[in-house]
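The structure appears right after this line, and notes come after that.
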């Protein structure tokens, strides 16, 4: 009986907050990924590449030679505008060294009509087994 009276006294103003909490929990439960489900954004990007999206590395040629994700196409950010014709497919997954480069590339590519998933730095690629380590190119 005391519980019923306490419940009856709950202010209506708390209802929107409760609904917001339920919506937030539902979003967390779906994984917050672009495609839905429980995959992380990075895993969703990896799946997109497996399904035909082009994986684009916008780091410098020296950074790419040092290490890259297997199967990635390297077009340095500074050369991207001039080499957009080399891109195939309708969807791109982009990464860079630390994140700002891929964000800039994403803005440029989306302005040209591409569908882009930006995973930020290469370190966010979900499978370290797919990282190819090469020999660094000496500067100069």
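Results, tabulated for the structure shown:
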quantity	calculated
Using a Förster distance of 22 Å, the FRET efficiency for residue 83-residue 103 (Cβ separation, nearest 0.05)	0.75
Antiparallel bridge percentage (DSSP; both residues within the range 41-133; nearest 5)	20 percent
Order of 118, 57 - criterion: other Cβ atoms within 10 Å of each residue's Cβ, fewest first	118, 57
Cα pair distances in the range 41-133, grouped into 10 Å bins until the bin that holds the longest one, percent each	18, 58, 23, 0
Relative contact order for the range 72-134, counting Cα pairs under 8 Å that sit 6 or more residues apart, in percent	31 percent
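All of the numbers you see were taken from the coordinates with simple rules; none came from a lab. Keep in mind it's a predicted model, so treat the numbers as computed, not measured. Don't worry about glycine lacking a Cβ; one is built from the backbone with ideal geometry, like all the others, and counts go over all protein chains shown.
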